[in-house]
1. In the calculated pair distance distribution of region 169-247, what percentage of Cα-Cα distances lie above 21 Å?
2. Please state, rounded to one decimal and in Å, the Kirkwood hydrodynamic radius that region 239-301 gives when every pair of distinct Cα atoms enters the mean of 1/r.
3. Based on other C-beta atoms within 10 Å, arrange 127, 258 from fewest to most.
4. For region 126-266, count the residues as N, evaluate 2.2 N^0.38 Å, and divide the Cα radius of gyration by that value, please.
5. Going by how many other beta carbons lie within 10 Å of each one, how would you line up 128, 62, fewest first?
6. Convex hull over the Cα atoms of region 206-282, averaged projected area in nm²?
7. Sorting 194, 70, 60 on the 10 Å Cβ count, fewest up front, what's the list?
8. Using just the alpha carbons, could you tell me how many Å³ per residue the convex hull of region 87-204 encloses?
Amino acid sequence: MRALLLMLCAVGCALTAPPAVAPELGGPTGVESATAPDGGSAAESDPIADAEVGINFGERTMPGTTGDLRVWLYAPEPMPEAPPCVVIAPAGSNMMTGMSLSRGDRDEHEPYVKAGYVVVSFDVDGVMPEAATDADFLAAYETFRQSGGGVANAKAALDVALEAYPSIDDTRIYAAGHSSAGTLALLLAAAEPRIAAVASFAPVTDVPLLFGAADTAKLSAGIPGFSEFLTATSPITHAQALAAKPVFLFHAKDDDAVPVAHTKTLHDAMQPRHASSRYEVVDTGGHYQSMIGPGIAAAVAWFDGLAGLGGKPRHEDVDEPGPVGS
């Protein structure tokens with residue numbers, strides 16, 4: 001059975017979490033409530049959230065499959081009258097187990113808040129402990145499977161955000177994510193009617209293809225239903241559901257973790273595509289920097305355009321994107 005962990009690393013280690021630029025923030029879960037800028041109830045503000053940059057940050061908890069999970073809530077200050085909302089999972093999963101929020105995730109969250117969006121992010125069920133055994137992996141995988149690859153966690157986190165900030169415009173709720181979180185964002189958009197549109201950066205769209213037939217077969221021999229789960233959590237399986245919504249796919253040609261063919265194949269499979277869907281490929285930036293720089297800027301402009309705001313960012317820190325391919 002030890003071979004399970006060896007194969008797990010072989011097929012999933014390329015999908016790394018974002019760099020942790022500071023210690024993980026937030027104290028113990030279950031912080032006391034405070035008054036949100038719109039009069040609703042929100043988590044207690046974190047002292048790291050600098051009022052000068054216009055961000056109110058707090059933490060809540062929600063029930064997961066095997067225990068409480070954290071939910072991070074960000075709101076712009078001052079709060080718009082009816083702000084849009086973006087749901088973002090933490091990246092770095094190996095597509096078989098969950099992920100915990102970390103300080104490095106904030107770099108992906110803050111540009112949306114500075115552009116006037118409420119942002120909700122959350123732990124994903126099925127996190128493996130350090131020095132994990134095969135038994136730990138199997139337990140984490142089962143928890144991740146029960147959550148639908150994190151889709152159930154994303155829906156629950158959105159519920160938390162809507163309770164905390166009831167002034168959120170429920171016609172402008174979006175999903176976004178990078179790498180494995182980009183995969184989850186697409187799955188959420190396909191399954192959740194409240195998600196109006198989705199932006200996905202360098203996602204794995206065909207999980208069995210990423211693993212390869214040989215490793216999928218080996219893992220399936222030790223995990224009943226494994227191959228079926230990989231197919232069910234592949235956005236390419238849900239191409240027709242995604243075709244009905246605006247989808248923004250972004251990738252860099254020099255990405256050495258997820259081949260650009262993943263986004264191209266999904267883009268081509270969404271037929272007929274929504275008129276507002278976009279597919280953009282940049283030459284450089286690799287797996288992470290392409291997203292954290294031009295990718296998010298392009299997504300903010302695209303989301304703003306869907307909201308009838310002329311496709312222009314609403315904060316000076318969000319740069320104009322380059323041309324977007326159709």
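1. So the pairs more than 21 Å apart make up 32 percent of the total in region 169-247.
2. Taking every pair of different Cα atoms in region 239-301, averaging 1/r and inverting gives 12.0 Å.
3. Fewest to most other Cβ atoms nearby, the residues stand as 127, 258.
4. With N residues counted in region 126-266, Rg over 2.2 N^0.38 Å equals 1.11.
5. So the ranking, lowest neighbour count to highest, is 62, 128.
6. That works out to 5.5 nm², a quarter of the Cα hull's surface.
7. In increasing order of surrounding Cβ atoms, one gets 194, 70, 60.
8. About 100 Å³ per residue, rounded to a whole number.
No value in this document is a laboratory result; all are computed from the given coordinates. For clarity, every value in this text was computed on a predicted model and none was experimentally measured. Every residue, glycine among them, receives a Cβ derived from its backbone with ideal geometry; neighbour counts consider all protein chains shown.
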